[in-house]
1. So, by mean Cβ neighbours within 10 angstrom, what's the order for 56-63, 230-237, 87-94 with the highest one leading?
2. For Asp213, list long-range residues whose amide hydrogen, built 1.01 Å from N in the peptide plane, is under 5 Å from its own amide hydrogen.
3. Please give the peptides 344-354, 253-263, 34-44 ranked by average Cβ packing (other Cβ atoms within 10 Å per residue), highest first, as a rough proxy for protection.
4. Round to the nearest 0.05 the FRET efficiency obtained for Lys232 and Tyr298 when R0 = 35 Å and r is the Cβ-Cβ distance.
5. Indicate the helices, whole DSSP H runs only, in the chain that combine a mean Kyte-Doolittle hydropathy of 1.6 or more with a Cα extent along their long axis of 18 angstrom or more.
6. For each pair in Lys51/Lys88; Lys36/Lys202; Lys74/Lys140; Lys51/Lys224, compute the distance between the two Cα atoms and list the pairs where it is over 25 Å.
7. Would you tally the net charge around Asp19, using a Cβ to Cβ cut-off of less than 12 Å, leaving Asp19 out, and scoring K and R as +1, D and E as -1?
8. Quote the charge dipole size of segment 66-175 about the Cα centre in Debye, to the nearest 20; the model charges only the Cβ of Lys and Arg (+1) and of Asp and Glu (-1).
Amino acid sequence: MQMTFRWYGQDNDSVSLADIRQIPGVTGIVWALHHKQPGEIWTIEEIMAEKQRIEAAGFHIDVVESVNVHDDIKIGLPTRDQYIENYKTTLRNLAQCSVKVVTYNFMPVFDWTRTELFHPLPDGSTALFYEKAVIREDAKQMAAYILKGCGDYTMPGWEPERMAQLDELFAKYAPVTKEKLWDNLRYFLEAIMSVCEETGIKMAIHQDDPPWDIFGLPRLLVDKASIGRFVKLVDHPNSCLCLCSGSLGANPDNDVADIVRTYCDRIAFAHVRNVKHYQNGDFSEVSHRDCDGDVGIYNIMKAYHDCGYQGYMRPDHGRHIWHEQCRPGYGLYDRALGIMYLWGIWDTLEKQAQ
């Protein structure tokens, strides 16, 4: 297992590379060019500038999160072919700079959905929160809240340029049924797999967050059955999973450890996040400690260990603790605590296996 840490770039993150360097066991930075819009080509010059900065701090850049997929590809418009060609060019450029895994998602309009960015927890910290009753029909109100809460930080999937066109986006997605979205995902993957095979890049799809339809928009990767459908959709070793325990774990019916055991050979990247459920369907993100949530962090880590997982892992969203001012979910302190908790489980499993 290779521990990584997501970083949003110089002057776009409250956390510095020097801070991350002090977290034991972190060898890689999960990065992206966050100024690029979906569909734009990432140039070698831009990639190399980030590569040099990250490697100078002592990390590798093996994992990118994310190269976002343009909406025209998800919708299936005639313009999708040009955006797919741009995507293929970006993949080739990333491979030239030693990138091995590219994370992406196929969620319509919104990358992820929460109703509260700084929800108070009993211990005095705050965390991302989802209140089921608040998710009704006013997507604009939610988008405005998210953008305001992010302040000056970029938030992938919530680009202001896209959010300003919500009416147009919803109109374009109106005829896209769940089956049509599956077809469009297949079309995209079939188009890029030859480049993935040529370059060695593994495409790691992130599950839908939360794992159910919202605002009338279909969601695809929501449970074990749909993950199985995805794996068979374009059954190629370079079509992989970014398995997110928090996204899947938002539905208490999902047994994430079982999913890990079933599809571990197709998991290129692992997000480990803990979630606490409430009886009314709400959920809150919590610390990585197993007993603080309902996802089963210990069982998940044991599943990875038992399967001999050698891929990349990162702590996913953390709480905001000790008065830290940071991008929602992406502070330094709680993610660092999370890493040490995950390492504690892993090291214990290693000792037990000796």
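Values in this text are rule-based calculations from the coordinates and carry no lab data. Remember, it's a predicted structure, so these values are computed and weren't measured experimentally. Counting neighbours? That spans all protein chains shown, and the Cβs are built from the backbone with ideal geometry, glycine included.
1. 87-94, 56-63, 230-237
2. Distant-sequence amide H within range of Asp213: Arg219.
3. Order by mean packing, descending: 253-263, 34-44, 344-354.
4. Details: r = 30 Å, r/R0 = 0.86.
The computed FRET efficiency comes out at 0.70.
5. none
6. Violating the 25 Å Cα-Cα cut-off are Lys51/Lys224.
7. 0
8. On the way: 12 positive and 15 negative charges, 71 e Å.
So the dipole magnitude of segment 66-175 works out to roughly 340 debye.
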